[in-house]
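The values are calculated or read from the model by the stated rules, or taken from the named source; none is laboratory data. What you see is a predicted model; the values in this text were computed from it and never measured. Cβ atoms come from the backbone with ideal geometry, glycine included; neighbour counts cover every protein chain shown.
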Amino acid sequence: MSFSIRSATVEDVPDLVALRRVLFEAMGTEDEGALDRMCTASARYFEERIPPGLFRAWVAEEVGRPIGAIGLEIHRVPPSPCRLEGTKAYIMNLVTLPTYRRRGVATALLERVLETVEAEGIPLARLHATRDGRGIYHRAGFAVDEALPEMRRTMLEADGT
């Protein structure tokens with residue numbers, strides 16, 4: 001299979017939104033209304049954050065057709081004793097269309113993002129992985145840090161109320 005990877009622009013928002021929907025459907029989200037609301041909100045998010053570079057994405061294409069994507073945000077946080085530069089990469093939205101899975105698309109997208117993170121001198125990359133997606137991240141050197149488990153608290157209901 002031959003595919004190419006390129007940086008996404010604001011013109012790619014509809015494709016990024018469609019691929020994000022595929023991601024959530026693959027994770028088991030069946031509520032069409034929730035998916036539609038997520039798509040609308042995601043489009044606004046991408047339209048706002050892509051132009052100034054606050055959210056970066058890459059699209060994998062085969063013959064001009066998007067078949068996968070990945071996103072990256074760089075977060076500035078206060079320096080810590082072990083990370084004085086205070087920057088962290090957060091990788092998200094790695095998705096490949098079902099008919100293109102297990103063909104190296106996701107691996108190539110992840111490698112592109114990791115090259116970017118390394119080139120920018122960012123010492124830490126984080127992500128959340130589905131059970132099905134963990135293998136690709138383990139192969140790329142990601143590990144669970146049991147010493148710093150993530151904790152969360154839901155402040156609002158899923159519909160934003």
Tell me the residue from 49, 37, 6 that is surrounded by fewer than 16 Cβ atoms within 10 Å (Cβ to Cβ) and over 22 Å from residue 105 (Cα atoms), please.
37
Please name all residue pairs, on different chains or six or more residues apart, with Cβ atoms under 7 Å, provided the first residue is in the range 102-117 and is within 15 Å of residue 71 (Cβ to Cβ) and the second residue is assigned to a helix (DSSP H, G or I).
106/136; 110/136
So which of 43, 60 ends up being assigned to a strand (DSSP E or B) and either of a type in the set (A, V, I, L, M, F, W, C) or more than 24 Å from residue 133 (Cα to Cα) (or both)?
60
Just to be sure before I move on: is residue 38 in contact (Cβ under 8 Å) with a residue 12 or more places away in the chain, touching a Lys or Arg at 6+ places or on another chain (Cβ under 8 Å) and hydrophobic (A, V, I, L, M, F, W, C) in the structure I sent?
yes
Answer yes or no as to whether residue 89 is closer than 19 Å to residue 129 by Cβ, assigned to a strand (DSSP E or B) and modelled with pLDDT under 95.
yes
From 48, 25, residue being under 16 Å from residue 10 (Cβ atoms) and either in contact (Cβ under 8 Å) with a residue 60 or more places away in the chain or under 17 Å from the mean Cα position of the chain (by Cα) (or both):
48
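The rows are residues; the columns are (1) among the hydrophobic types (A, V, I, L, M, F, W, C); (2) over 27 Å from residue 28 (Cβ atoms); (3) buried (at least 18 other Cβ atoms within 10 Å of the Cβ).
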| position | (1), (2), (3) |
| --- | --- |
| 96 | no, no, yes |
| 102 | no, no, no |
| 105 | yes, no, yes |
| 109 | yes, no, yes |
| 113 | yes, no, yes |
| 119 | yes, yes, no |
| 124 | yes, yes, no |
| 128 | no, no, no |
| 132 | no, no, no |
Log entry, pairs with first residue in the range 123-148 being free of Cβ contacts under 8 Å to residues at least 40 places away in the same chain, second being assigned to a loop (DSSP other than H, G, I, E, B), beta carbons closer than 6 Å, six or more apart or on different chains, reads 137/129
Determine, yes or no, whether residue 60 is closer than 19 Å to residue 9 by Cα, hydrophobic (A, V, I, L, M, F, W, C), in contact (Cβ under 8 Å) with a residue 60 or more places away in the chain and surrounded by 11 or more Cβ atoms within 10 Å (Cβ to Cβ).
no
Are any residues in the range 14-52 among the small types (Gly, Ala, Ser), modelled with pLDDT of 95 or more and over 14 Å from residue 68 (Cα atoms), and if so, which ones?
33, 34, 41, 42, 43
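Based on what the data block shows, is residue 139 charged (D, E, K, R) and either surrounded by 14 or more Cβ atoms within 10 Å (Cβ to Cβ) or under 16 Å from residue 57 (Cα atoms) (or both)?
no
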Selection count, the range 151-161, where residues are surrounded by fewer than 10 Cβ atoms within 10 Å (Cβ to Cβ) and either under 16 Å from the mean Cα position of the chain (by Cα) or at pLDDT below 70 (or both)
6
